[in-house]
Amino acid sequence: MDFTPFWITIKLAGITTLALFIIGVPLAYWLAFKPKKYKVMLEAVVAMPLILPPTVLGFYLLVFFSPENFLGAFFEEYFNLRLVFTFEGLVVASIFYSMPFMVQPLQSGFRSVPETLVEAAYSLGKSTWHTLVRVILPNMSGAILSAGVLTFAHTIGEFGVVLMVGGNIPGMTQVISISIYDEVEAMNYGLANRYSLILLIFSFLTLFLIYLFNYKNRKSLSFL
């Protein structure tokens, strides 16, 4: 069994999760606390990957990232970064595709923090940044954990987007989901089954741990 696709997949999921946490916290904070005229439109854009076929999103990202178009040419000329059929392109595509799995739990977490805590911090003269880091984020640890784990797990299971943008280059862009597809096409069902079983167990344990943590968290809060 070749574990290279697993390593590429885990690296992709880890980088995507970290990048989306940096992007998702301020975005979810803005959506939760800053009512604006176009907030509903932005929420719809963020949530689109939930219902949009991955191949559709992957196709448009492939077109935009192509060196023949402005965005792809810009990154290649000024940053020497090619976004088509490269690992870097997979990361950018995964950020778009997994964004709702980070932003939506964080947004719900921000809304779950009691307003009295936030108002108390502001009344004591604390800045917005200090209130966010010291008051709000510690009181939404369950949402942060859920967002991080769901984003990581969802990125691991990607297929359509990564295939369209990154192709199927062994040792570079061939993630585990694509490896399973290749083994099935080659009628190597035994290896495909082993790959799939690992992902099946991982998916179950991920969801089980999230639900267990949230259950214990709600149970502990009920005694307060």
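Read-outs: derived from the displayed coordinates by stated rules, not from any lab. Bear in mind the structure is a predicted one, so any value in this text is a computation, not a measurement. Neighbour counts are summed over all protein chains in view; Cβ atoms, including those assigned to glycine, are modelled from backbone coordinates with ideal geometry.
Taking Cα centroids, how far is the stretch 159-204 from the stretch 60-114 in Å?
22 Å
Starting from the exponent 0.38 and prefactor 2.2 Å, build the expected Rg for the stretch 58-124 from its residue count and divide its actual Cα Rg by it.
1.76
Taking 0.36 nm per residue of sequence separation and subtracting the Cα-Cα distance, how much length would be gained by fully extending the chain between Ser196 and Ile51, in nm to one decimal? It would help to have the intermediate numbers written out before the result.
Details: separation 145, 0.36 × 145 = 52.20 nm, distance 2.38 nm.
Here the segment from Ser196 to Ile51 would lengthen by 49.8 nm.
Whole angstrom only: what separates the Cα centroid of the stretch 127-144 from the Cα centroid of the stretch 6-51?
Going from one Cα centre to the other spans 17 Å.
At q = 0.14, 0.16, 0.20 Å⁻¹, what is the base-10 log of I(q)/I(0) for the stretch 1-148 according to the Debye formula with one equal point scatterer per Cα and no solvent? Please give it to two decimals.
Log10 of I(q)/I(0), two decimals: -0.81, -0.96, -1.22.
Kindly provide the helix-only [θ] at 222 nm of the chain, computed as the sum of -39,500 (n - 2.57) over DSSP H runs of four or more divided by all residues, to the nearest 500 deg cm²/dmol?
Only helices count here, giving -24500 deg cm²/dmol.
Starting with the fewest neighbours, write out Phe101, Phe3 ranked by other beta-carbon atoms found within 10 Å of each beta-carbon. Provide the component values of the computation, followed by the final result.
Details: Phe101 24, Phe3 9.
Least crowded to most crowded, the residues run Phe3, Phe101.
How far, in nm, would the chain grow between Ile23 and Lys36 when pulled straight, counting 0.36 nm per residue and subtracting the alpha carbon separation? Don't skip to the end; give the middle numbers.
Working: separation 13, 0.36 × 13 = 4.68 nm, distance 1.88 nm.
Answer, rounded to one decimal: 2.8 nm.
Please work out the FRET efficiency for the pair Leu71 and Phe3, using the Cβ-Cβ distance as r and a Förster radius of 35 Å; give the result to the nearest 0.05.
0.55
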